[in-house]
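Each value in this text was obtained by applying a stated rule to the coordinates, not by laboratory testing. Because the structure is predicted, anything quoted here is derived from the model rather than measured. Quick reminder, even Gly has a Cβ in these numbers, built from the backbone with ideal geometry, and neighbours come from all protein chains shown.
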Amino acid sequence: MSEFILEMEHIVKKFPGVLALNDVDFSLRRGEVHVLLGENGAGKSTLVKILCGAYSKDSGRILLNGREVDFPDTRSAQKAGIAVIYQEFNLFPHLSVAENLFAGRPFLKGGTSLIDWSRIFDEAEQALQRVGLEIDPHLSVHELTVAQQQLLEIAKALTLDAKIIIMDEPTSALTESEIETLFDRIRELKSQGVSIIYISHRMDEIKRIGDRATVLRDGARVATVELSETSDDQLVQYMIGRRLEEKFPRGSVTVGETLLDVRGLSTDNGLKDISFSLRRGEILGIFGLLGSGRTELARAIFGADESASGSILIGGNERTIRRPLDAIRCKVALLPEDRRRHGLLLPMCVMHNITLSSLNKVSRGFGLIDHASERKVSRSLCEKLTVRTPGMDTAVANLSGGNQQKVVLAKWLCSQAEVFIFDEPTRGIDVGAKVAIYELMDELTNQGAGILMISSELPEILGMSDRVLVMNRGRILKEFDKEEVSEGALMHYASAS
Ligand SMILES: Nc1ncnc2c1ncn2[C@@H]1O[C@H](COP(=O)(O)OP(=O)(O)OP(=O)(O)O)[C@@H](O)[C@H]1O
Ligand SMILES: [Mg+2]
């Protein structure tokens with residue numbers, strides 16, 4: 001038996017205007033976690049989509065256990081023991097958790113064609129338990145948070161009894177303790193000889209879970225290395241072709257007047273008496289674990305959830321914000337956590353997605369749109385954020401996951417907001433582009449904007465915030481100044497019960 005369960009050789013894949021994979025070789029050992037690294041748009045998802053039959057390759061060979069295979073669709077790849085957890089969720093939002101887990105594989109009552117529902121729900125409970133997800137399997141998927149959906153995707157892959165599991169950014173919405181649970185599962189799977197292809201932009205976790213890494217850049221393979229023998233700097237250099245000097249470019253700040261004042265905000269979905277203020281020039285970090293109310297807070301200020309009580313003052317005046325349009329009029333912008341669902345019109349082009357919410361900036365009056373300036377504005381934002389796209393007219397659906405995220409960001413940067421609420425601003429963004437986003441945040445605050453930055457990434461909170469609020473079960477439990485905040489202190493208050 002060969003050392004490799006999988007060998008991909010000379011894989012080529014072209015899309016209109018893009019050579020997504022250029023003669024890529026990739027091999028996977030039995031029982032290894034092989035990390036795929038590379039900038040947004042480098043070709044990682046495309047490579048795994050070819051492996052699992054979602055895309056067809058233009059040329060190259062795939063050997064599974066030494067035998068050449070060619071999967072015309074995902075179902076035949078699944079039958080051969082290849083399971084995928086996609087970067088974009090693949091769940092049916094209006095079906096129950098249990099139905100999603102066993103979609104296409106109904107359990108029938110012995111000898112009949114009746115679906116054995118009690119067995120489905122029993123098995124679902126077990127599958128959920130294995131990933132530490134404590135929810136009722138009868139719930140509809142659209143009622144779940146992003147993190148819960150991600151765990152559900154993982155539970156689903158685990159039920160397939162796969163020999164190769166592909167995880168495309170599985171932890172982007174998970175918090176530390178959930179990541180630990182996932183890693184425990186991965187270690188268990190490894191010991192059973194299952195091989196894992198793991199895609200992630202979080203450098204810290206790559207080292208913790210990966211055995212080897214293959215780095216892609218612009219569709220070509222740059223290197224394959226043993227992770228234990230490779231430094232982070234070296235990996236970053238392979239990925240972006242240069243060294244990364246400054247990770248958190250937060251300059252010194254001059255804070256001005258109060259921009260946003262939240263007083264006694266409570267909501268039906270769990271926020272309890274939240275009060276704080278945000279000043280011009282300030283980045284206020286909001287840290288909290290899953291379920292602490294971070295995202296609910298963002299949505300309440302933005303008017304996205306009904307039934308909030310308390311008051312919100314903007315620029316010193318009390319404002320009624322009942323829906324997002326009210327918020328936008330008050331120059332409040334929200335970069336949502338779940339960007340595919342709340343942030344993008346997928347079939348529309350890059351340019352229109354960016355300028356949609358700020359057409360007044362590019363219009364010539366009388367409702368006419370100045371197409372030349374629309375294009376100019378979008379192009380310059382795309383350059384700043386390093387969005388990789390064949391052009392401004394490309395449909396957003398055709399961009400890589402990380403580049404889609406950047407388009408949502410560009411959209412809000414293009415608006416004339418003064419209060420920016422960024423919910424996980426760098427989720428799914430590559431290391432180089434993260435720095436570009438931090439630079440933009442720094443620039444925005446220098447121009448007098450205020451930023452609420454919700455993040456579960458400790459380095460980002462510590463590196464970019466001027467003050468930090470820690471949320472815990474719907475309340476603000478603690479406030480820290482930049483000078484007094486530390487990783488340990490944040491975790492202490494975030495997980496206090
Ligand atoms: N269906 C498609 N149609 C057209 N172009 C595509 C399609 N899918 C991917 N591409 C292009 O192929 C290139 C590689 O994309 P891919 O999704 O593989 O990147 P990635 O490495 O997974 O990036 P990310 O880290 O952002 O997820 C990108 O330039 C992307 O725009
Ligand atoms: Mg991808």
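Simple spin-label estimate for Phe92 and Thr224 gives 3.9 nm between the two label positions (7 Å along the Cα-to-Cβ direction from each Cα).
Give me the percent of DSSP beta bridges within the chain that run antiparallel, rounded to the nearest 5. Don't skip to the answer; put the middle values down first.
Working: 45 of 79 bridges.
Given both bridge residues lie in the chain, the antiparallel proportion sits at roughly 55 percent.
Calculated FRET efficiency, Lys376 to Lys14, Cβ-Cβ distance, R0 = 45 Å: about 0.95 to the nearest 0.05.
Given +1 on the Cβ of Lys and Arg, -1 on the Cβ of Asp and Glu, and no further charges, what dipole in debye does segment 4-240 carry about its Cα centre, rounded to the nearest 20? Mind showing how you got there, number by number?
Numbers: 26 positive and 36 negative charges, 167 e Å.
The dipole of segment 4-240 has a size of about 800 debye.
Estimated from the Cβ-Cβ distance and a Förster radius of 45 angstrom, the FRET efficiency linking Asp481 and Ala54 is about 0.40. When +1 charges are put on Lys and Arg Cβ atoms and -1 charges on Asp and Glu Cβ atoms, the dipole computed for segment 379-473 relative to its Cα centre reaches about 220 debye. Of all DSSP beta bridges confined to segment 258-495, the antiparallel ones make up roughly 55%. Determine the relative contact order of segment 57-173: mean sequence separation of Cα pairs under 8 Å and six or more apart, normalised by residue count, in whole percent. Relative contact order here is 38 percent.
Sequence-ordered 3J(HN,Hα) estimates for segment 468-481 from the Karplus curve with 6.51, -1.76 and 1.60 and θ = phi - 60° stand at 10, 9, 9, 9, 8, 6, x, 10, 8, 8, 7, 10, 10, 8 Hz, glycine and proline given as x.
For segment 4-240, the relative contact order comes to 28 percent (Cα pairs under 8 Å, sequence separation of at least 6). Taking amide H atoms as placed 1.01 Å from N in the peptide plane, the amide H of Ile274 lies under 5 Å from those of Gly264, Leu265, Ser266, each 5 or more residues away in sequence or on another chain. Between the helical axis of 371-384 and the dominant principal axis of the chain, each derived from Cα atoms, what acute angle in degrees is found, rounded to the nearest 10? Rounded to the nearest ten degrees, it is 70. Projecting the Cα atoms of Ser311, Gly219, Ile197 onto the dipole axis of the chain, where Lys and Arg carry +1 and Asp and Glu carry -1 at the beta carbon, places Gly219 farthest toward the positive end. Here segment 4-240 carries DSSP beta bridges of which approximately 60% are antiparallel, counting only pairs with both residues inside. Placing +1 on the Cβ of every Lys and Arg and -1 on the Cβ of every Asp and Glu, with nothing else charged, gives the chain a dipole about its Cα centre of roughly 1160 debye.
Calculated mean residue ellipticity, 222 nm, the chain: -9500 deg cm²/dmol, from DSSP H runs (n ≥ 4) at -39500 (n - 2.57) each, averaged per residue and rounded to 500.
If you take the square roots of the eigenvalues of the alpha-carbon gyration tensor of segment 154-220 and sort them as a ≥ b ≥ c, do you get rounded (a/c under 1.5), prolate (a/b over b/c) or oblate?
Details: a/c = 1.65, a/b = 1.24, b/c = 1.33.
Oblate, because a/c is 1.5 or more while a/b does not exceed b/c.
State, as an integer percentage, the relative contact order of the chain based on alpha-carbon contacts under 8 Å between residues 6 or more apart. Before the final figure, lay out the partial values.
Values: 998 pairs, mean separation 79.0, N = 497.
It comes to 16 percent, rounded to a whole number.
Pull out a ≥ b ≥ c, the square roots of the eigenvalues of the alpha-carbon gyration tensor of segment 234-282, then state rounded if a/c is under 1.5, prolate if not and a/b is larger than b/c, and oblate in the remaining case. Before the final figure, lay out the partial values.
Working: a/c = 6.51, a/b = 1.99, b/c = 3.28.
Oblate shape, in that a/c is at least 1.5 and b/c is the bigger or equal ratio.
Summarising the amide proton neighbourhood of Phe102: residues at separation of 5 or more, or on other chains, whose placed amide H is nearer than 5 Å comprise an empty set. Couplings 3J(HN,Hα) of segment 415-421, computed from phi: 6, 9, 5, 10, 9, 10, 10 Hz, in residue order, whole Hz [Karplus 6.51 cos²θ - 1.76 cosθ + 1.60, θ = phi - 60°; x for Gly and Pro].
Would you mind counting up the charge near Leu160? Only other residues with Cβ under 15 Å from its Cβ, with Lys and Arg at +1 and Asp and Glu at -1. Show your work: numbers first, answer last.
On the way: positive: Arg75, Lys79, Arg105, Arg130, Lys156, Lys163, Arg185; negative: Glu123, Glu153, Asp161.
Summing Lys and Arg as +1 and Asp and Glu as -1 gives +4.
Averaging the Cα positions of each part gives two centres, and for segment 424-497 and segment 6-36 these lie 35 Å apart.
Provide Rg over Rh for the chain; use the alpha carbon set for both Rg and the Kirkwood Rh (inverse mean inverse pair distance).
On the way: Rg = 23.3 Å, Rh = 24.0 Å.
With Rg and the Kirkwood Rh in hand, the quotient comes to 0.97.
For Ala220, the residues whose amide H sits under 5 Å from its own are Asn22, ignoring neighbours fewer than 5 places away on the same chain, with H placed 1.01 Å from N.
Relative to the current alpha-carbon distance between Ser76 and Ser275, full extension at 0.36 nm per residue lengthens the span by 66.2 nm. Listed values for segment 308-325 are Karplus-derived 3J(HN,Hα) couplings in whole Hz (6.51 cos²θ - 1.76 cosθ + 1.60, θ = phi - 60°), namely 9, 10, x, 10, 10, 10, 10, x, x, 10, 5, 10, 9, 10, 9, 8, x, 4, and x replaces Gly and Pro.
The orientation-averaged projected area of the convex hull spanned by the Cα atoms of segment 172-275 comes to 11.9 nm². For the pair segment 247-323 / segment 150-168, the C-alpha centres are spaced 36 Å from each other.
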